[in-house]
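Engineer: Here it is, the structure in full.
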Amino acid sequence: MNANSIRVQLSLRFVLLALLGIAAASYMAVRQIAHIDDLVQEVALGHQAQDLADALVLTDDGSLTLDLPEKLLRLYEMEHSGAIFAIRNARGDLLFVDGDNALEVLQPGFTFPEFFDFFQAVDMSPTEARGLDPTRFGLTERFSTRGGDVFITVAQHKVTDDFLNRAVAIELMDEAVMVGLPFLAVFILLGVGLVRYSTTGLTYLSGKAREIGPQSLRARLPVHAAPAEIAPLAEAFNDAIDRVAEGYEAQKRFTIDAAHQLKTPLAVLRARLQSIPAFEGRALVEDDLDHMDRLVRQLLTSARLSAFELDPSSRMDLSELATEVATSLAPLAIDQGCELELVEATSPVIVAGEAHLAVEALHNLVENAIAHTAPGTTVRIRIHPPSTMEVMDRGPGVPGSEKKHIFMPFGQGRTPTPNGTGMGLAIVRQIMQVHGGTVDVADREGGGAVFSLHFSTNEKPLL
């Protein structure tokens with residue numbers, strides 16, 4: 001998990017926000033539990049009002065009568081219980097009342113709420129309380145009966161019931177756990193999913209950015225697919241690629257033009273050299289001309305590869321390519337006093353690519369191996385399915401510090417080829433980039449080097 005990932009950071013902040021929400025809810029629950037006595041009073045008063053509503057009976061003449069059940073009779077007969085009530089009709093007319101000074105005590109609760117209303121009743125006198133909590137709690141609740149709507153107002157002193165307190169607290173905690181934890185899990189999962197969905201545009205832009213390379217400098221990021229906050233960055237990136245492409249095109253045109261301009265003077269110089277009498281050192285001059293001519297041709301090849309676009313439908317057989325290269329370079333191997341061996345695959349090895357470019361890459365590697373291998377040894381070409389060709393020699397090898405640099409232009413390492421230009425391996429690298437593949441070098445067991453061409457197995461080359 002990358003700590004710098006936008007998805008990770010947003011997800012962590014979302015989870016933190018959820019935890020803060022749970023912490024706030026827990027704090028509120030704790031405060032609610034701390035005031036659980038008030039809840040107990042409200043529950044007790046609500047039950048008392050409901051029992052009184054159930055005790056109302058409609059008589060034959062259409063009036064209401066109150067038939068108190070046994071438990072309410074005991075409650076209102078208990079001395080010092082402080083339990084009193086009053087029942088009014090929708091006009092506010094008093095229908096039933098019970099308790100000493102009930103009208104005075106319940107006066108604050110004589111309202112007409114839509115549903116219910118809690119209120120602080122008039123306190124009991126110390127004499128009436130006799131050591132009990134003198135505070136009275138009241139409730140006025142609206143009920144619909146056959147005789148019409150009624151308003152029942154009840155009050156009593158504070159109920160002290162530890163068992164009831166614990167029961168309500170446990171019920172609150174159970175509900176918090178049963179509802180809160182699943183809600184938290186769903187909330188976090190939905191949040192992480194929304195974060196991933198919201199950053200899909202970034203992932204898409206990242207994929208498009210990876211497709212931009214030397215062979216696809218005309219490609220640009222689709223700004224319309226970028227989130228509004230990222231669109232300026234995408235536009236700036238496209239502007240930067242525009243400038244890079246302009247510089248790249250200018251450099252490529254200069255290389256091609258310079259190479260073409262050099263070809264003519266070289267041809268004229270070679271013709272003039274042929275027209276003058278022989279002189280001492282002529283062979284060296286001709287060798288130098290050959291070297292310059294080869295360098296110019298390789299520069300042209302490198303410049304053309306920079307603009308080459310591979311046909312995705314083209315296919316080639318690596319075994320056939322290896323056979324062609326081995327056949328063409330066998331005479332050179334014999335002249336150098338070494339052998340050239342081809343280890344073919346048991347079946348065709350088909351990959352996407354241009355055969356003439358792949359032949360040139362393999363030709364450069366085998367020619368280079370023949371030039372560096374010791375006389376009397378063998379240069380081996382081996383095909384590794386599904387998409388690899390290897391060239392193995394018995395030369396001095398490539399030091400570890402030079403393994404990356406030898407594929408750069410004019411990077412010949414410590415033991416350059418006498419007629420080399422330093423462009424051969426760079427061209428091999430360019431050809432493999434065109435094919436979406438790679439080239440690397442490793443040490444060969446027993447001495448020498450192993451150069452490997454790894455072609456892409458994707459249908460679409462990785463540019």
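Every number here is computed from the coordinates shown, using simple stated rules; none is lab data. The model shown is predicted, which means the values in this text are computed figures rather than measured ones. Glycine gets a Cβ as well: all are built from the backbone with ideal geometry, and neighbour counts include every protein chain shown.
Engineer: Which length gain, in nm to one decimal place, applies between Lys403 and Phe118 when the Cα-Cα distance is subtracted from 0.36 nm times their residue separation?
Structural biologist: Using 0.36 nm per residue and subtracting the Cα-Cα distance, I get 94.0 nm.
Engineer: Between Leu103 and Asp61, how high is the FRET efficiency from 1/(1 + (r/R0)^6) when r is the Cβ-Cβ distance and R₀ = 30 Å? Nearest 0.05.
Structural biologist: 0.70
Engineer: Which Rg and Dmax, in Å, describe the Cα atoms of region 282-387?
Structural biologist: Final numbers for Rg and Dmax: 16.2, 51 Å.
Engineer: I've got another one for you. Kirkwood hydrodynamic radius, computed over distinct alpha-carbon pairs, for region 37-99: how many Å, to one decimal?
Structural biologist: Hydrodynamic radius (Kirkwood, Cα pairs) of region 37-99 is 13.0 Å.
Engineer: What order do you get for Val105, Val391, Val268 when you list them from fewest to most C-beta neighbours inside 10 Å?
Structural biologist: Arranged by neighbour count, lowest to highest, Val105, Val391, Val268 become Val268, Val105, Val391.
Engineer: Taking the simple approach of a point 7 Å from Cα along Cα-to-Cβ for both Arg218 and Glu42, what is their distance in nm?
Structural biologist: 7.3
Engineer: Further question: Fully extended, how many nm does the chain gain between Leu19 and His291 (0.36 nm per residue separation, minus their Cα-Cα distance)?
Structural biologist: Going from the current span to full extension adds 90.6 nm.
Engineer: Between Leu73 and Asp149, what FRET efficiency comes out of the Förster formula 1/(1 + (r/R0)^6) with R0 = 22 Å and r the beta carbon distance, rounded to 0.05?
Structural biologist: Given R0 = 22 Å and the Cβ-Cβ separation, E is 0.30.
Engineer: Simple spin-label model, 7 Å along Cα-to-Cβ: Thr378 to Arg91 in nm?
Structural biologist: Inter-label distance under the simple model: 12.2 nm.
Engineer: How would His224, His454, His372, His291 line up from fewest to most surrounding beta-carbon atoms within 10 angstrom?
Structural biologist: If I rank by nearby Cβ atoms, fewest first, I get His224, His291, His454, His372.
Engineer: Can you compute the FRET efficiency between Ala250 and Ala278 using 1/(1 + (r/R0)^6), with r the Cβ-Cβ distance and R0 = 45 Å? Round to the nearest 0.05.
Structural biologist: Plugging the Cβ-Cβ distance into 1/(1 + (r/R0)^6) gives 0.55.
Engineer: Please report, to one decimal in angstroms, the Kirkwood hydrodynamic radius of region 223-306 built from all distinct Cα-Cα pairs.
Structural biologist: Computed over region 223-306, the radius equals 16.3 Å.
Engineer: Right, another one. Under 25 °C and 0.890 mPa s, how fast does region 315-454 diffuse according to Stokes-Einstein, given a Kirkwood radius computed over C-alpha pairs? Answer in µm²/s, whole number.
Structural biologist: Estimated via Stokes-Einstein, D reaches 165 µm²/s.
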